[in-house]
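Notes follow the structure.
The values are calculated or read from the model by the stated rules, or taken from the named source; none is laboratory data. For clarity, every value in this text was computed on a predicted model and none was experimentally measured. Every residue, glycine as well, gets a Cβ built from its backbone with ideal geometry; the counts of neighbours run over all protein chains shown. Ligands, DNA and RNA are excluded from the accessible area calculation, which covers all protein heavy atoms including side chains. Shrake-Rupley method; radii C 1.70, N 1.55, O 1.52, S 1.80 Å.
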Amino acid sequence: MKTVLVTGGAGYIGSHTVLQLLEQNFSVVVLDNLVNASAESLRRVENITGKSVTFVQGDIRDTTVLDSVFSKHSIDAVIHFAGLKAVGESVEKPLEYYENNVYGTLTLCKAMRQHGVKNLVFSSSATVYGDPVSLPLHEKMATGQPTNPYGMSKLMVEHMLTDLHKSDDSWNIVLLRYFNPVGAHHSGQIGEDPNGIPNNLMPYISQVATGKLAQLSVFGDDYDTPDGTGVRDYIHVVDLANGHLKALDRLALNMGLDVYNLGTGQGYSVLEMIKAFEDASGQTINYKIAPRRSGDVAACYADPTLAAKELNWNAVKTLEDMCKDVWHWQSNNPMGYNG
Ligand code: NAD
Ligand code: UD1
């Protein structure tokens, strides 16, 4: 694999992955419509690495743009991050979510087939397991019933790609089920820059720390967990990005279709996250206990042993690294990329 097309490469996980691809001397073409990103992330990636990225501002649903990208560049593999990801918004705008995430992936795959590019890494999510039947979650478990259109769109794409591979086994596809990505590159130059008020815990905590938000609401303290608050498997985005490079190695072996959890295997509660962030940042996080958020599960964490065995991948960064790196990014860039 020499040249990689990264859809959604200007986004949070995409930019960290592009950085590692450049460090490993891949040629990188990014296709991103910037609906939830800024091209500034890629400029910073270029500054950090001293290498350049080919950036195409365009949409994965646009067949003309796709045709031009695949005609101009000799693409060996595609890492497909592009999509919409806000759970609450997906409930209000299901058609937009299915169109972007499902139709977008379908259009991308048709263009890949047309140009004979059959190596794909797809960003899936632990949300496809639905409400966990037992923990930790491993890949052999049946997928569940996602409670929102975002989660359903990920499950639909997993099914679509599985059928595609069944119909033509010259495709090599790796489905990566992410747990809870957090953290930022240690340079403090790139990180997560959500639009508006964050939905996810870590960006919310860090914006309370900078004073941008007044108080964190802890959604529920009466779950069946050690301290009553929700438990999740937080994974450093740099470890997660590295999993994509390992997935490219896997594609090169022509293994067909594989599914891997990318998580640490370790769950932390909301209160543990607050404490870890306070310790790493020296800031006090103002919080209150609030009612449960609808659709939340008590606990969710991965069994990451398959990825360790077959991808030769392990998460190596600690909770302290995650919190320190988020704080470094957030305190240097309190207004994100537009600061
Ligand atoms: P992100 O929003 O930062 O990145 C997605 C990128 O895709 C953005 O840069 C956006 O501008 C672009 N994009 C969206 N629709 C597009 C389209 N139609 N055409 C071209 N570009 C488009 O999100 P992220 O956190 O980096 O997530 C990347 C992928 O990982 C997504 O598919 C997401 O669903 C998945 N994922 C994320 C998480 C998470 O917690 N961040 C968890 C599980 C799975
Ligand atoms: C959420 C999505 C999931 C998606 C993932 C992306 C829901 C129901 N699930 O996962 O589909 O793949 O984001 O990262 O939205 N919390 C608070 N206060 C807050 C925010 C969160 O207490 O302001 C708690 C939650 O109740 C949960 C934990 O923090 O226990 C983590 O929440 P979050 O970061 O939103 O991730 P998930 O809910 O795991």
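Explain nothing, just the number: relative contact order of the chain, from Cα pairs under 8 Å at least 6 residues apart, as a whole percent. If you can, show how the numbers build up before the last one.
Working: 675 pairs, mean separation 64.2, N = 339.
The normalised contact order for the chain reaches 19 percent.
Of interest is the spacing of the C-alpha centroids, which for the stretch 291-338 and the stretch 113-191 amounts to 17 Å.
Report in % the part of the accessible area of the stretch 266-335 that belongs to carbon and sulfur, leaving out ligands and nucleic acids; probe 1.4 Å. Spell out each step's value before the answer.
Values: 1770 of 3710 Å².
Percent of accessible area from carbon and sulfur atoms in the stretch 266-335: 48.
Per residue, the accessible area of the stretch 186-239 comes to 40 Å², computed with a 1.4 Å probe over protein heavy atoms only.
How large is log10 of I(q)/I(0) for the stretch 234-275 at q = 0.25, 0.33 Å⁻¹ when the intensity is taken from the Debye formula with one equal scatterer per alpha-carbon? Rounded to two decimals, the profile gives -0.91, -1.13.
Any chance you could run the full-extension gain for ALA39 through ASP224? It's 0.36 nm times the residue separation minus the Cα-Cα distance, nm to one decimal. Please report the intermediate quantities before stating the final value.
Details: separation 185, 0.36 × 185 = 66.60 nm, distance 4.27 nm.
Net length gain for the segment: 62.3 nm.
Solvent-free Debye calculation, one equal scatterer per alpha-carbon of the stretch 202-338: log10 I(q)/I(0) at 0.09, 0.10, 0.11 Å⁻¹ equals -0.33, -0.41, -0.49. Show which lysines lie in cross-link reach of LYS110 when reach means a straight Cα distance below 26 angstrom and same-chain residues fewer than eight apart are skipped. Correct list for LYS110: LYS2, LYS72, LYS85, LYS93, LYS118, LYS154, LYS166, LYS246. Taking 0.36 nm per residue of sequence separation and removing the Cα-Cα distance, the ILE48/THR305 pair yields an extension gain of 89.3 nm.
For the stretch 120-128, the Karplus equation 6.51 cos²θ - 1.76 cosθ + 1.60, evaluated at θ = phi - 60°, returns couplings of 9, 10, 10, 7, 9, 8, 4, 4, 5 Hz by residue, with Gly and Pro reported as x. Its residue count N fixes a reference of 2.2 N^0.38 Å for the stretch 1-109, and the Cα radius of gyration divided by that reference is 1.06. Ligands, DNA and RNA are left out, and with a 1.4 angstrom probe the accessible area of the stretch 1-96 is 44 Å² per residue.
Only protein atoms count toward the accessible area here, which uses a 1.4 Å probe; on the stretch 123-251, the carbon and sulfur part of that area reaches 49 percent. Projecting label points 7 angstrom from Cα along Cα→Cβ for ASN199 and GLU99 puts them 1.8 nm apart.
Give me the extension gain from SER331 to ALA142: residue separation times 0.36 nm, minus the current Cα-Cα distance, reported in nm with one decimal.
Details: separation 189, 0.36 × 189 = 68.04 nm, distance 4.14 nm.
Length gained between SER331 and ALA142: 63.9 nm.
Using only the Cα atoms of the chain, build the gyration tensor, take square roots of its eigenvalues as a ≥ b ≥ c, and label the shape rounded, prolate or oblate: rounded if a/c is under 1.5, else prolate if a/b is larger than b/c, else oblate. Could the numbers behind the result be given before it?
Details: a/c = 1.66, a/b = 1.34, b/c = 1.25.
Prolate shape, in that a/c is at least 1.5 and a/b is the bigger ratio.
Quick one: Kirkwood hydrodynamic radius for the stretch 132-220, alpha-carbon pairs, angstrom, one decimal?
16.7 Å
Say R0 is 35 Å: what FRET efficiency, to the nearest 0.05, do GLU272 and GLU23 get from their beta-carbon distance?
After rounding, the FRET efficiency stands at 0.65.
Against the chain, whose longest principal axis is taken from its Cα atoms, helix 149-167 shows a tilt of about 30°. Here the accessible area of the stretch 32-76 is 42 percent carbon and sulfur, with a 1.4 angstrom probe and all protein chains present.
Computed from Cα atoms, the angle from the helix 63-72 axis to the main principal axis of the chain rounds to 70 degrees.
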